[in-house]
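**Student:** Below are the structure tokens for one structure; questions will follow.
The values are calculated or read from the model by the stated rules, or taken from the named source; none is laboratory data. Keep in mind the model is a prediction, meaning the values are calculated, not measured. In this analysis, Cβ positions are derived from the backbone assuming ideal geometry, glycine residues included, and neighbour counts consider all displayed protein chains.
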Amino acid sequence: MSTHHLPGATVGIIGGGQLARMMALEARRMGYRVSVLAPRADDPAVPLADLWIPGQLDDVEAAQRLAESADVVTVDSEHVPASLLSDIERLRPVRPSAAVLRTIQDRGEQRRFLERISAPQPRCVAVDSVAELAEAANTVGFPCVLKSRHAGYDGKGQAVIRSADQLEASWEKVGRAPSMLEEFVPFDAEISVLLARAPNGEMRFYPAAYNVHRRHVLHATMAPAPIERSVEQDAREIARSIAEELDHVGMLAVEMFLVGSKLLVNEVAPRPHNSGHYTFGACATSQFEQHVRAVLGLPLGDPSLSRPAVMLNLFGDLWRDGNPDWMPVLSRPEARLHLYGKTEPRPGRKMGHVLLLDDDPHRALQNGEAMLDSLAADRSRNQWSSPTGSKRAAGTRLSPICIALKIGAFSRPATRKAARRQLSSTG
Ligand code: AMP
């Protein structure tokens, strides 16, 4: 069997979301054909596929048809059942493999694996009942984070627990499902290491990304991450051992908490990752092309960063009053708009992202935030002019005047210090 596949071959993707869409864009650019298994004709990757196989991601018969249509099979989510992948591994190379997904898709298995290879991680305990949860909280301490073991992502199936009286409600919140209880990490920063690994074990690393989450969901990424070189080196070594021990093939993202100079692994994703979207436009080879190269057995591309970059996610909330006016983004030469073609905007749903290339990534972030503010401006004008907004209950006191300086986790220390001084001098 040939170990690599040249243009003209077909990449089969189980899943039709934005990751599959961007893989398909890159694969087609390189002259490959793409088959996609996805439930709906309007899933983001379907319009870009040469062949669409309708079906749910656990539909074994549809997955077999996908495998028969393709030379290699990959996934756009780690939640494709591992048993389905092992069925189709008999037909075609599947990358990542069923074994990798089996380890990753259950948070408990993932944590056990990380422990086995001595990767640093937060203290955590598996819990299967509310009684076990109470016992685990004694070991882990408060505050702590409860996370369901299966199918959780972007903060879904998670609850932060601050005291014993929240245990019962938190157990309900994760659906009384088998879970992991983790210590709450008071991190200084969140970073991710993205790497690609080829079938022969060759690896390429992207510059570490610095991530800002809001309500447990990725809001923005900056690359390169403003961290010490030695920390980045340590982070790479952790990610390298994870990829090697898994014998993974394809892109791999390892999200980590940084506490002082100590790193703790939060989560592993065996696929292109939201925090690597900056590579699509800012690096010589995007994470999507790199994934396609790895799963096809091609030599890996150059991951180097052409220019510092900031990526900001665009959520469905921006669509509340219809399509946003994109001119604030389109009129800036350093900005690139990526929309995923999703037809149903919902609050919190990732609809696209904006990439800003700038030699000064701190300035890029400020500009990006200002762009998002202007995209949201129509929406807030409507809120202010809404009739209910002017109703005030009799006797309600007016709020005192509030002065705020907008600084973010990415602001330089000197800026943060100046802002603090300004606020305290204002009283
Ligand atoms: P996850 O879905 O596990 O990646 O979690 C989403 C986000 O929730 C993370 O990126 C963090 O911002 C936050 N988070 C998750 N676990 C913890 C933890 N143990 N301690 C502090 N924050 C956490």
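**Student:** Of everything in segment 115-161, what is touching a residue at least 60 places away in the same chain (Cβ under 8 Å), buried (at least 19 other Cβ atoms within 10 Å of the Cβ) and either farther than 15 Å from E183 by Cβ or more than 13 Å from the ligand (Cβ to nearest atom) (or both)? Give them in sequence order.
**Tutor:** Result: A119, single match.
**Student:** Among the residues of segment 72-90, count how many are part of a helix (DSSP H, G or I) and surrounded by 18 or more Cβ atoms within 10 Å (Cβ to Cβ). Write out each step before concluding.
**Tutor:** Residues of segment 72-90 that are part of a helix (DSSP H, G or I), as a first pass: 82-88.
Subset that is surrounded by 18 or more Cβ atoms within 10 Å (Cβ to Cβ): 82, 84-85, 88.
Adding up the residues that qualify gives 4.
**Student:** Hey, another quick one. More than 16 Å from the ligand (Cβ to nearest atom) and of a type in the set (A, V, I, L, M), is that true of L91? Steps first, answer last, please.
**Tutor:** Working: more than 16 Å from the ligand (Cβ to nearest atom): yes; of a type in the set (A, V, I, L, M): yes.
Answer is yes for this residue.
Residues are listed down the side, and each one gets a yes or a no for (1) closer than 30 Å to G17 by Cα; (2) at pLDDT 95 or above; (3) surrounded by fewer than 22 Cβ atoms within 10 Å (Cβ to Cβ):
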{"residue": "F184", "(1), (2), (3)": "no, yes, yes"}
{"residue": "A196", "(1), (2), (3)": "yes, yes, no"}
{"residue": "M203", "(1), (2), (3)": "yes, yes, yes"}
{"residue": "V231", "(1), (2), (3)": "no, yes, yes"}
{"residue": "E237", "(1), (2), (3)": "no, yes, yes"}
{"residue": "R240", "(1), (2), (3)": "yes, yes, yes"}
{"residue": "A243", "(1), (2), (3)": "yes, yes, no"}
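**Student:** What number of residues within segment 192-226 are within 16 Å of the ligand (Cβ to nearest atom) and in a loop (DSSP other than H, G, I, E, B)? Explain how you work it out, then say what you get.
**Tutor:** Going through segment 192-226, the residues within 16 Å of the ligand (Cβ to nearest atom) turn out to be 192-194, 208-222, 225.
This time we only want the ones that are in a loop (DSSP other than H, G, I, E, B), so: 208, 215-216, 225.
Here the count works out to 4.
**Student:** Here is a further query. Quick check on this structure: which one of R40, R28, R112 is closer than 30 Å to L258 by Cβ, without any contact (Cβ under 8 Å) to a residue 40 or more places away in the chain and of a type in the set (K, R)?
**Tutor:** Details: R40 fails: closer than 30 Å to L258 by Cβ; R28 fails: closer than 30 Å to L258 by Cβ.
Being closer than 30 Å to L258 by Cβ, without any contact (Cβ under 8 Å) to a residue 40 or more places away in the chain and of a type in the set (K, R) holds for just one of R40, R28, R112, which is R112.
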